[in-house]
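> Okay, here's the structure, questions in a sec.
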Amino acid sequence: MKKNPLLGHDVISMRDFGRDEIRAILDRCKDFEKNKKPLLQGKVLANLFFEPSTRTRLSFDAAMKRLGGQTIGFADALSTSISKGESLWDTIRVAEGYCDVMVIRHPAEGSARLAAEATKLPVINGGDGSNQHPTQTLLDLYTLQKRTGRIEGLKIAFVGDLKYGRTVHSLIRSLSLFGAELWLVSPPSLKLPADFMDDLAESRTKHTEVDDLAAVPADVDVLYVTRIQKERFADPIEYERVRAHYQVTPATVERFGDRLTLMHPLPRVSELHAALDAHPGAAWFDQARNGVVVRETLLALVLGAA
Ligand code: NCD
(Lines give C-alpha, C1' and ligand atoms only; values in the text may rest on other atoms or scores of the structure.)
Protein backbone atom coordinates (compact mmCIF):
# COMPACT_ATOMS: atom_id res chain seq x y z
CA MET A 1 0.00 0.00 0.00
CA LYS A 2 1.77 3.12 -1.19
CA LYS A 3 -0.54 5.74 0.18
CA ASN A 4 -2.48 5.19 3.34
CA PRO A 5 -6.21 5.30 2.55
CA LEU A 6 -7.08 5.05 6.23
CA LEU A 7 -5.18 8.14 7.39
CA GLY A 8 -7.54 10.20 9.54
CA HIS A 9 -10.45 8.01 8.51
CA ASP A 10 -13.16 6.29 10.51
CA VAL A 11 -13.67 2.53 10.57
CA ILE A 12 -17.45 2.21 10.85
CA SER A 13 -18.76 -0.46 8.49
CA MET A 14 -17.34 -3.13 6.21
CA ARG A 15 -19.67 -1.64 3.58
CA ASP A 16 -17.06 1.15 3.31
CA PHE A 17 -14.20 -1.25 2.43
CA GLY A 18 -13.46 -2.61 -1.03
CA ARG A 19 -11.38 -5.64 -1.96
CA ASP A 20 -8.13 -3.78 -2.48
CA GLU A 21 -8.38 -1.91 0.79
CA ILE A 22 -9.07 -5.10 2.72
CA ARG A 23 -6.13 -6.82 1.02
CA ALA A 24 -3.86 -3.88 1.77
CA ILE A 25 -4.82 -3.87 5.46
CA LEU A 26 -4.26 -7.62 5.79
CA ASP A 27 -0.83 -7.26 4.15
CA ARG A 28 0.03 -4.51 6.62
CA CYS A 29 -1.03 -6.78 9.50
CA LYS A 30 1.51 -9.34 8.31
CA ASP A 31 4.26 -6.68 8.38
CA PHE A 32 3.19 -5.61 11.85
CA GLU A 33 3.42 -9.12 13.17
CA LYS A 34 7.10 -9.21 12.22
CA ASN A 35 8.09 -5.71 13.05
CA LYS A 36 6.78 -3.88 16.09
CA LYS A 37 7.92 -0.33 16.82
CA PRO A 38 6.73 2.26 19.35
CA LEU A 39 4.90 4.08 16.56
CA LEU A 40 2.19 5.56 18.75
CA GLN A 41 4.25 7.10 21.50
CA GLY A 42 2.52 10.21 22.84
CA LYS A 43 -0.86 9.20 21.37
CA VAL A 44 -3.96 8.47 23.43
CA LEU A 45 -6.79 6.09 22.58
CA ALA A 46 -10.19 6.53 24.26
CA ASN A 47 -12.04 3.22 24.68
CA LEU A 48 -15.70 4.19 25.05
CA PHE A 49 -17.60 1.00 25.85
CA PHE A 50 -21.32 1.34 26.51
CA GLU A 51 -21.79 -2.44 26.25
CA PRO A 52 -19.94 -5.41 27.78
CA SER A 53 -16.74 -6.51 26.07
CA THR A 54 -13.73 -8.66 26.84
CA ARG A 55 -11.79 -9.18 23.61
CA THR A 56 -12.49 -5.98 21.73
CA ARG A 57 -11.72 -3.63 24.60
CA LEU A 58 -8.73 -5.51 26.02
CA SER A 59 -7.14 -6.08 22.63
CA PHE A 60 -7.50 -2.41 21.64
CA ASP A 61 -5.95 -1.56 25.00
CA ALA A 62 -3.10 -4.02 24.45
CA ALA A 63 -2.60 -2.89 20.83
CA MET A 64 -2.27 0.77 21.78
CA LYS A 65 0.10 0.06 24.67
CA ARG A 66 2.25 -2.33 22.65
CA LEU A 67 2.80 0.46 20.13
CA GLY A 68 3.88 2.82 22.90
CA GLY A 69 0.59 4.72 23.21
CA GLN A 70 -1.72 5.19 26.15
CA THR A 71 -5.40 4.54 26.76
CA ILE A 72 -8.24 6.10 28.69
CA GLY A 73 -11.91 5.18 28.73
CA PHE A 74 -14.71 3.34 30.43
CA ALA A 75 -16.15 -0.14 30.28
CA ASP A 76 -19.53 0.68 31.71
CA ALA A 77 -21.73 3.63 30.74
CA LEU A 78 -23.30 3.62 34.21
CA SER A 79 -20.07 5.05 35.58
CA THR A 80 -20.25 8.01 33.17
CA SER A 81 -22.40 11.14 32.89
CA ILE A 82 -24.57 9.25 30.38
CA SER A 83 -26.32 8.00 33.54
CA LYS A 84 -27.10 11.66 34.35
CA GLY A 85 -28.71 12.07 30.93
CA GLU A 86 -25.76 13.35 28.89
CA SER A 87 -26.12 12.67 25.17
CA LEU A 88 -23.78 10.49 23.12
CA TRP A 89 -22.99 13.52 20.97
CA ASP A 90 -21.83 15.58 23.98
CA THR A 91 -19.86 12.63 25.39
CA ILE A 92 -17.95 12.35 22.11
CA ARG A 93 -17.37 16.12 21.89
CA VAL A 94 -15.88 16.03 25.38
CA ALA A 95 -13.81 12.89 24.82
CA GLU A 96 -12.22 14.39 21.69
CA GLY A 97 -10.45 16.89 23.91
CA TYR A 98 -8.70 14.03 25.72
CA CYS A 99 -7.49 11.71 22.95
CA ASP A 100 -6.28 11.21 19.37
CA VAL A 101 -8.54 8.29 18.36
CA MET A 102 -11.67 6.66 19.78
CA VAL A 103 -13.15 3.20 19.81
CA ILE A 104 -16.85 3.08 20.57
CA ARG A 105 -19.11 0.13 21.35
CA HIS A 106 -22.76 0.98 21.83
CA PRO A 107 -26.09 -0.92 21.76
CA ALA A 108 -27.69 1.44 19.21
CA GLU A 109 -27.29 0.71 15.51
CA GLY A 110 -25.78 3.72 13.80
CA SER A 111 -24.19 5.03 17.02
CA ALA A 112 -20.63 4.72 15.67
CA ARG A 113 -21.61 6.70 12.57
CA LEU A 114 -23.18 9.35 14.81
CA ALA A 115 -20.03 9.50 16.93
CA ALA A 116 -17.95 9.93 13.78
CA GLU A 117 -20.14 12.88 12.79
CA ALA A 118 -19.63 14.47 16.20
CA THR A 119 -15.82 14.59 15.95
CA LYS A 120 -13.05 15.13 13.42
CA LEU A 121 -10.91 12.52 15.18
CA PRO A 122 -10.87 9.00 13.76
CA VAL A 123 -13.61 6.81 15.25
CA ILE A 124 -13.43 3.02 15.16
CA ASN A 125 -16.62 1.01 15.58
CA GLY A 126 -16.20 -1.71 18.22
CA GLY A 127 -19.77 -2.93 17.57
CA ASP A 128 -22.98 -0.93 17.11
CA GLY A 129 -26.00 -2.95 18.18
CA SER A 130 -26.67 -5.78 15.77
CA ASN A 131 -25.37 -3.79 12.82
CA GLN A 132 -21.60 -3.98 12.28
CA HIS A 133 -18.34 -5.08 13.93
CA PRO A 134 -15.71 -4.23 11.32
CA THR A 135 -12.57 -4.89 13.37
CA GLN A 136 -13.85 -8.40 14.16
CA THR A 137 -14.26 -8.97 10.43
CA LEU A 138 -10.71 -7.88 9.70
CA LEU A 139 -9.35 -10.22 12.38
CA ASP A 140 -11.58 -13.03 11.08
CA LEU A 141 -10.26 -12.49 7.54
CA TYR A 142 -6.70 -12.30 8.82
CA THR A 143 -7.20 -15.57 10.70
CA LEU A 144 -8.73 -17.21 7.62
CA GLN A 145 -5.83 -16.02 5.47
CA LYS A 146 -3.31 -17.41 7.95
CA ARG A 147 -5.08 -20.74 8.41
CA THR A 148 -6.35 -21.57 4.95
CA GLY A 149 -3.85 -19.52 2.92
CA ARG A 150 -6.64 -17.58 1.17
CA ILE A 151 -9.79 -15.58 1.59
CA GLU A 152 -10.96 -16.08 -2.00
CA GLY A 153 -13.63 -18.54 -3.03
CA LEU A 154 -14.25 -20.03 0.41
CA LYS A 155 -17.26 -22.21 1.13
CA ILE A 156 -18.45 -21.08 4.50
CA ALA A 157 -21.46 -21.91 6.67
CA PHE A 158 -22.69 -19.38 9.23
CA VAL A 159 -24.52 -21.04 12.10
CA GLY A 160 -26.70 -19.50 14.81
CA ASP A 161 -28.04 -16.00 15.24
CA LEU A 162 -27.88 -14.45 11.79
CA LYS A 163 -30.52 -11.85 12.67
CA TYR A 164 -28.78 -10.05 15.51
CA GLY A 165 -25.15 -11.20 15.07
CA ARG A 166 -23.13 -8.16 14.00
CA THR A 167 -19.97 -10.21 13.42
CA VAL A 168 -21.90 -12.18 10.80
CA HIS A 169 -23.29 -9.04 9.16
CA SER A 170 -19.83 -7.50 8.76
CA LEU A 171 -18.07 -10.66 7.64
CA ILE A 172 -20.69 -11.72 5.10
CA ARG A 173 -20.47 -8.36 3.43
CA SER A 174 -16.69 -8.69 2.99
CA LEU A 175 -16.72 -12.34 1.95
CA SER A 176 -19.15 -11.45 -0.82
CA LEU A 177 -16.35 -9.34 -2.35
CA PHE A 178 -14.10 -12.41 -2.47
CA GLY A 179 -16.36 -14.88 -4.27
CA ALA A 180 -17.47 -16.89 -1.26
CA GLU A 181 -20.26 -19.45 -1.35
CA LEU A 182 -22.41 -19.25 1.77
CA TRP A 183 -24.74 -21.46 3.77
CA LEU A 184 -26.89 -19.54 6.21
CA VAL A 185 -27.93 -21.88 9.02
CA SER A 186 -30.38 -20.44 11.54
CA PRO A 187 -33.75 -21.05 13.16
CA PRO A 188 -36.48 -19.44 10.99
CA SER A 189 -36.90 -16.57 13.48
CA LEU A 190 -33.17 -15.67 13.35
CA LYS A 191 -32.58 -15.49 9.60
CA LEU A 192 -30.27 -12.96 7.97
CA PRO A 193 -32.18 -9.64 7.70
CA ALA A 194 -33.50 -8.49 4.32
CA ASP A 195 -30.96 -5.71 3.71
CA PHE A 196 -28.05 -8.15 4.07
CA MET A 197 -29.87 -10.66 1.84
CA ASP A 198 -30.28 -7.87 -0.73
CA ASP A 199 -26.53 -7.25 -0.62
CA LEU A 200 -25.90 -10.93 -1.34
CA ALA A 201 -28.29 -10.85 -4.30
CA GLU A 202 -26.72 -7.67 -5.63
CA SER A 203 -23.18 -9.03 -5.42
CA ARG A 204 -24.39 -12.34 -6.94
CA THR A 205 -23.01 -14.26 -3.98
CA LYS A 206 -24.16 -17.87 -4.02
CA HIS A 207 -26.04 -18.59 -0.81
CA THR A 208 -28.44 -21.16 0.63
CA GLU A 209 -30.64 -20.66 3.68
CA VAL A 210 -31.29 -23.76 5.82
CA ASP A 211 -32.32 -24.36 9.41
CA ASP A 212 -30.46 -27.62 9.90
CA LEU A 213 -26.68 -27.99 9.98
CA ALA A 214 -27.16 -31.46 8.46
CA ALA A 215 -28.12 -29.72 5.19
CA VAL A 216 -24.65 -28.18 4.85
CA PRO A 217 -22.39 -30.17 2.46
CA ALA A 218 -19.41 -31.96 4.00
CA ASP A 219 -16.91 -30.15 1.78
CA VAL A 220 -17.38 -26.66 3.27
CA ASP A 221 -14.10 -25.01 4.25
CA VAL A 222 -15.35 -23.11 7.28
CA LEU A 223 -18.07 -23.28 9.94
CA TYR A 224 -18.56 -19.90 11.60
CA VAL A 225 -20.62 -20.53 14.74
CA THR A 226 -22.26 -17.69 16.67
CA ARG A 227 -23.93 -17.13 20.03
CA ILE A 228 -27.65 -16.43 20.16
CA GLN A 229 -27.59 -12.72 21.07
CA LYS A 230 -29.76 -12.89 24.18
CA GLU A 231 -29.38 -9.18 24.96
CA ARG A 232 -31.04 -8.17 21.67
CA PHE A 233 -34.31 -10.08 22.20
CA ALA A 234 -37.32 -7.96 23.13
CA ASP A 235 -39.16 -11.09 24.32
CA PRO A 236 -37.38 -13.47 26.75
CA ILE A 237 -39.76 -16.30 25.83
CA GLU A 238 -38.63 -16.01 22.23
CA TYR A 239 -35.03 -16.34 23.40
CA GLU A 240 -35.88 -19.46 25.44
CA ARG A 241 -37.42 -20.98 22.32
CA VAL A 242 -34.22 -20.73 20.26
CA ARG A 243 -31.58 -20.78 23.00
CA ALA A 244 -30.51 -24.38 22.53
CA HIS A 245 -31.32 -24.70 18.82
CA TYR A 246 -27.71 -25.47 17.85
CA GLN A 247 -25.09 -27.23 19.88
CA VAL A 248 -22.02 -27.88 17.81
CA THR A 249 -20.09 -30.82 19.26
CA PRO A 250 -17.28 -33.12 18.09
CA ALA A 251 -19.97 -35.53 16.81
CA THR A 252 -21.71 -32.79 14.79
CA VAL A 253 -18.56 -31.82 12.92
CA GLU A 254 -17.09 -35.27 12.41
CA ARG A 255 -18.45 -35.59 8.87
CA PHE A 256 -16.63 -32.40 7.80
CA GLY A 257 -13.24 -33.97 8.47
CA ASP A 258 -10.04 -32.44 9.84
CA ARG A 259 -9.56 -29.86 7.10
CA LEU A 260 -12.52 -27.88 8.38
CA THR A 261 -11.75 -24.48 9.92
CA LEU A 262 -14.02 -23.85 12.88
CA MET A 263 -14.56 -20.25 13.91
CA HIS A 264 -16.45 -18.41 16.64
CA PRO A 265 -16.05 -14.73 17.63
CA LEU A 266 -16.56 -15.66 21.31
CA PRO A 267 -18.00 -15.47 23.90
CA ARG A 268 -19.52 -18.95 23.58
CA VAL A 269 -22.32 -20.18 25.76
CA SER A 270 -23.81 -23.57 24.91
CA GLU A 271 -23.67 -23.49 21.10
CA LEU A 272 -20.03 -24.64 20.88
CA HIS A 273 -18.78 -27.55 22.95
CA ALA A 274 -15.51 -27.03 24.86
CA ALA A 275 -14.28 -30.46 23.65
CA LEU A 276 -13.95 -28.84 20.20
CA ASP A 277 -10.96 -26.87 21.50
CA ALA A 278 -8.96 -29.98 20.59
CA HIS A 279 -10.19 -29.99 16.97
CA PRO A 280 -7.31 -29.17 14.57
CA GLY A 281 -9.46 -26.51 12.91
CA ALA A 282 -10.55 -24.73 16.10
CA ALA A 283 -9.62 -21.09 15.49
CA TRP A 284 -11.38 -19.08 18.24
CA PHE A 285 -8.42 -18.45 20.48
CA ASP A 286 -6.32 -17.58 17.41
CA GLN A 287 -9.03 -15.16 16.31
CA ALA A 288 -8.92 -13.47 19.71
CA ARG A 289 -5.10 -13.32 19.67
CA ASN A 290 -4.98 -11.99 16.10
CA GLY A 291 -7.24 -9.16 17.28
CA VAL A 292 -4.18 -7.45 18.75
CA VAL A 293 -2.08 -7.25 15.58
CA VAL A 294 -5.09 -6.29 13.47
CA ARG A 295 -6.00 -3.49 15.88
CA GLU A 296 -2.37 -2.35 16.11
CA THR A 297 -2.36 -2.03 12.34
CA LEU A 298 -5.65 -0.13 12.23
CA LEU A 299 -4.60 2.30 14.98
CA ALA A 300 -1.28 2.98 13.27
CA LEU A 301 -3.00 3.50 9.90
CA VAL A 302 -5.74 5.85 11.06
CA LEU A 303 -3.19 7.85 13.06
CA GLY A 304 -0.83 8.03 10.09
CA ALA A 305 2.01 6.31 11.95
CA ALA A 306 2.37 3.30 9.65
C1 NCD B 1 -18.99 -10.45 19.55
C2 NCD B 1 -19.74 -9.14 19.63
O3 NCD B 1 -19.57 -8.38 20.58
O4 NCD B 1 -20.47 -8.88 18.68
N5 NCD B 1 -17.93 -10.54 20.44
C6 NCD B 1 -16.69 -10.09 20.07
O7 NCD B 1 -16.47 -8.90 19.91
N8 NCD B 1 -15.74 -11.01 19.83
C9 NCD B 1 -19.86 -11.65 19.51
C10 NCD B 1 -20.88 -11.86 20.57
O11 NCD B 1 -21.04 -11.07 21.50
O12 NCD B 1 -21.57 -12.89 20.48
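The values are calculated or read from the model by the stated rules, or taken from the named source; none is laboratory data. Keep in mind that what you see is a predicted model, and the values were worked out from it rather than measured. Here Cβ is always computed from backbone atoms with ideal geometry, including for glycine, and neighbour counts include all displayed protein chains. The accessibility values were calculated without ligands, DNA or RNA, using every heavy atom of the protein model including side chains. Shrake-Rupley method; radii C 1.70, N 1.55, O 1.52, S 1.80 Å.
> I want to verify a result. In a Gaussian network model of the chain, Cα cutoff 10 Å, which of these has the top mean-square fluctuation: Arg204, Arg113, Arg173?
Arg204
> If you stretched the chain out fully between Ser270 and Glu33, how much longer would it get, using 0.36 nm times the residue separation minus the C-alpha to C-alpha distance?
Here the segment from Ser270 to Glu33 would lengthen by 82.0 nm.
> Follow-up. What percentage of the solvent-accessible surface of the stretch 56-171, computed with a 1.4 Å probe over protein heavy atoms, is contributed by carbon and sulfur atoms?
Numbers: 2080 of 4280 Å².
Result for the stretch 56-171: 49 percent of the exposed heavy-atom area is carbon or sulfur.
> Here is a follow-up. Gap in Å between the Cα centre of the stretch 140-157 and the Cα centre of the stretch 67-128?
Comparing the Cα centres of the stretch 67-128 and the stretch 140-157, I get a distance of 32 Å.
> Need one number: nm distance between label points at Val94 and Thr208, each 7 Å from Cα along Cα→Cβ, rounded to one decimal.
Modelled inter-label distance: 5.4 nm.
> Turning to a different aspect of this structure: How about Lys36: which aspartates and glutamates have a C-alpha closer than 18 Å to its C-alpha, ignoring those fewer than 8 places off in the same chain?
Asp27, Asp61, Glu296
> When the chain is fully extended, how far beyond the present Cα-Cα distance does Asp195 get from Glu152, taking 0.36 nm per residue of separation?
13.2 nm
> If you don't mind, there's one more thing I want to ask. How far, in nm, would the chain grow between Arg15 and Ala108 when pulled straight, counting 0.36 nm per residue and subtracting the alpha carbon separation?
Details: separation 93, 0.36 × 93 = 33.48 nm, distance 1.78 nm.
This chain segment gains 31.7 nm when fully extended.
> Heavy-atom accessible area per residue, the chain, 1.4 Å probe: how many Å²?
Per-residue accessible area for the chain comes out at 43 Å².
> Which trypsin sites (Lys or Arg not before Pro) in the stretch 117-161 sit in a loop by DSSP (not H, G, I, E or B) and have at most 14 other Cβ atoms within 10 Å of their own Cβ?
Lys120, Arg150
> Of Lys120/Lys230; Lys3/Lys37; Lys3/Lys120; Lys65/Lys230; Lys206/Lys230; Lys34/Lys65, which pairs sit farther than 24 Å apart, going by alpha carbon to alpha carbon?
Lys120/Lys230; Lys65/Lys230; Lys206/Lys230
> Relative to the Cα centre, what is the charge dipole magnitude of the stretch 137-256, using +1 at the beta carbon of each Lys and Arg, -1 at the beta carbon of each Asp and Glu, and rounding to the nearest 20 debye?
Here the stretch 137-256 has a charge dipole of around 340 debye.
> Would you mind putting 160-169, 248-257, 175-184 in packing order, based on average other-beta-carbon counts within 10 Å, highest first?
In descending order of packing, they fall as 160-169, 175-184, 248-257.
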